[in-house]
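The values are calculated or read from the model by the stated rules, or taken from the named source; none is laboratory data. Source: prediction; values computed, not measured. Please note: Cβ atoms are built from the backbone with ideal geometry, for glycine as well, and neighbour counts cover all protein chains shown. Just the protein is used for accessible areas: all its heavy atoms, side chains included, with ligands, DNA and RNA removed. Shrake-Rupley method; radii C 1.70, N 1.55, O 1.52, S 1.80 Å.
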Amino acid sequence: MANNTNNLLLLLLLIFSSSSAELDGGGELQTLLNIKRDWGSPAALSSWKVRNLSSFSHCNWVGIGCTNGHVTSLSFHNFQIANPIPASICSLKNLKYLDLSYNNLTGDFPTVLYSCSALQFLDLSSNEFTGSIPGNINKLPLEMHHLNLSSNSFVGDVPLAIGRFSKLKSLVLDTNSFDGSYPGAAIGGLVELETLTLAYNPFMPGPIPNEFRKLTKLTYLWLSRMNLTGDIPDALSALKELTLLDCSQNKMQGKIPEWVLKHQKLEKLYLFANNFSDEIGPDIAALKLQELDLSMNKLSGSIPEDIANLKNLSLLCLYYNNLIGPIPNGVSMLPNLTDIRLFNNKLSGPLPPELGKYSELGSFEVSNNNLSGELPDTLCFNKKLYNLVVFNNSFSGVFPANLGGCDSINNIMASNNHFVGDFPKKIWSFAMLIRVMIGGNNFTGTLPSKISSNISWVDIENNKFSGAIPISATGLQRFLAKNNLFSGTLPSDMSKLANLIRLDLSGNQLSGSISTFY
């Protein structure tokens, strides 16, 4: 009888133990509650409560991800967590994914995470960590696939130990305050890398390491504003999978290598704000390019005709260089081109005649060149144009009348050209329009008595506008209209021009007083 009783008690104990283990997922539920407590019970985790006795109910808690009933991921993006990371987080022995990005975490690199033995993905970006990355960072699991420490305030060197994570696919260290060196050779040994970002750090000046040629799986290489010197090494031509190459805002020089402009998978190329020189191309065969920014360099020669082959191009930025000659007619045929910025060069000749007809052109900036002829009447053909900047050229003829139907526009800057005729009157009523700067031309005609309340800046100096000035422009802050042919008496009621902070009507034929108004 005693033996039967003992056997029954043992059976009940086993059943109870099994049920308890099932109830809390092998103790993980209690571990999560401990983490919440140790973290100071942040508001974002207030829903972490035991509401029922169902198996693994904690797997449905906010931020928790489970695999086969075990917690494998914690995703606490933008949870406004400020207290230090508790050591208890590494009691989750199956934790592979930890995202603590966009919080308010402070202090040194959290070495408590060294005990998270299964960790493969760690994102600590956009916090307020400081100090140096520890030299023994390789105490994190060497199976790591993703390490993101960007947008913090780490300083000093990137440690050599970073090269121990041989399975890394993504190493994201941009936007910190690293002011020492980074181990180029060691990083070059991380041959599984697909994403590498070192940008926006004040590293000690130096060239792109040749060892980066080994990173043949890279698709994303962001190296801007990190004090790079020298040229783009031909060794990088081995990176056949690149879709983004960004070396902008450095101190690089030399000719842009031919392989860069012939890369078969490159989609975004940013080399702006360097000292690159010589001509572009002339052969451009990177047919997948969507965005090309070579602005603020010392490039010379003409814009290559081959640029017309880039049918996927949406952004073309070549401003602040020494480019000469015309804008190739083929540019107007690019079906995806929405943003053209070619200002501050020495370009000449007329614009492509059908510019804007075959793409949804939104922004067109060609100021400070020697361009001539008339503006094409197709600039707003697809009703998407919002920014038109053509000042300081030699454009002539009438302003395209159909721009009077382009109510998407918010900025017109066409000063110091040779335009003639009436400025399209409908433009003054556009609800989106903020600025009209068309001084230094030969425009004629009159202004409407009321202009859009959104317009804040009007510069029509040195033209031949006539008639009365507007009496209603409630948003207008600057009205510069000297040296025109305005006449008559200033309005007696200036209340609808009450936001003006600068007014110049000199050199006209106006009379009356503005003392009660300005």
### Query
Tell me, which residue of segment 461-482 that is surrounded by fewer than 18 Cβ atoms within 10 Å (Cβ to Cβ) and of a type in the set (S, T, N, Q) is farthest from the chain's Cα centre (by Cα)?
466
### Task
Can you run down the residue pairs with Cβ atoms below 6 Å, 6 or more apart or on separate chains, where the first is in segment 270-287 and within 18 Å of residue 252 (Cα to Cα) and the partner is modelled with pLDDT of 95 or more and of a type in the set (A, V, I, L, M)?
271/294; 272/296; 273/296; 274/252; 276/256; 280/299; 281/261
### Summary
Selection from segment 358-407 of residues of a type in the set (Phe, Trp, Tyr) and open to solvent by 20 Å² or more (accessible area, probe 1.4 Å) yields 358, 381, 386, 391
### Message
Need pairs with beta-carbon distance below 8 Å; first residue at pLDDT 95 or above and within segment 391-414, second open to solvent by 40 Å² or more (accessible area, probe 1.4 Å) and of a type in the set (Val, Ile, Thr); sequence gap 6+ or separate chains.
### Response
396/420; 397/420; 398/420; 410/434; 411/434
### Identity of the residue in segment 246-259, closer than 16 Å to residue 233 by Cβ and within 22 Å of the chain's Cα centre (by Cα), that ends up most open to solvent (accessible area, probe 1.4 Å)
251
### Members of segment 233-246 found to be closer than 18 Å to residue 170 by Cα and in a loop (DSSP other than H, G, I, E, B), listed by number
239, 240, 241, 242, 243
### Task
Give segment 431-451 a look and list any residue that's out of contact with any Lys or Arg (no Cβ under 7 Å at 6 or more places or on another chain) and buried (at least 21 other Cβ atoms within 10 Å of the Cβ), or say none.
433, 436, 438, 439, 441, 447, 451
### Message
I'm trying to understand the selection: among the residues of segment 85-136, which are in a helix (DSSP H, G or I) and either touching a Phe, Trp or Tyr at 6+ places or on another chain (Cβ under 7 Å) or among the aliphatic types (A, V, I, L, M) (or both)?
### Response
87, 89, 112, 113
#### Entry: Residues satisfying the stated conditions in segment 272-301, i.e. out of contact with any Ser or Thr (no Cβ under 6 Å at 6 or more places or on another chain) and of a type in the set (A, V, I, L, M, F, W, C)
276, 280, 284, 285, 286, 287, 289, 292, 294, 296, 299
### Query
Looking at this structure, is residue 33 free of Cβ contacts under 8 Å to residues at least 60 places away in the same chain, open to solvent by 20 Å² or more (accessible area, probe 1.4 Å) and either more than 18 Å from residue 154 (Cβ to Cβ) or part of a strand (DSSP E or B) (or both)?
yes
### Query
Any residue in segment 125-132 that is open to solvent by 20 Å² or more (accessible area, probe 1.4 Å) and under 27 Å from residue 238 (Cβ atoms)?
no
### Query
Does residue 419 satisfy the condition of being part of a strand (DSSP E or B), free of Cβ contacts under 8 Å to residues at least 40 places away in the same chain and within 27 Å of residue 376 (Cα to Cα)?
yes
### Task
Please enumerate the residues belonging to segment 292-314 that are in contact with a Cys (Cβ under 7 Å, 6 or more places away or on another chain) and either surrounded by fewer than 22 Cβ atoms within 10 Å (Cβ to Cβ) or in contact (Cβ under 8 Å) with a residue 60 or more places away in the chain (or both).
293
### Task
Please go through segment 333-346 and pick out each residue that is touching a residue at least 40 places away in the same chain (Cβ under 8 Å) and surrounded by 16 or more Cβ atoms within 10 Å (Cβ to Cβ).
338, 341, 343
### Message
Go through segment 484-518 and report how many residues are closer than 20 Å to residue 437 by Cβ and open to solvent by 70 Å² or more (accessible area, probe 1.4 Å).
### Response
4
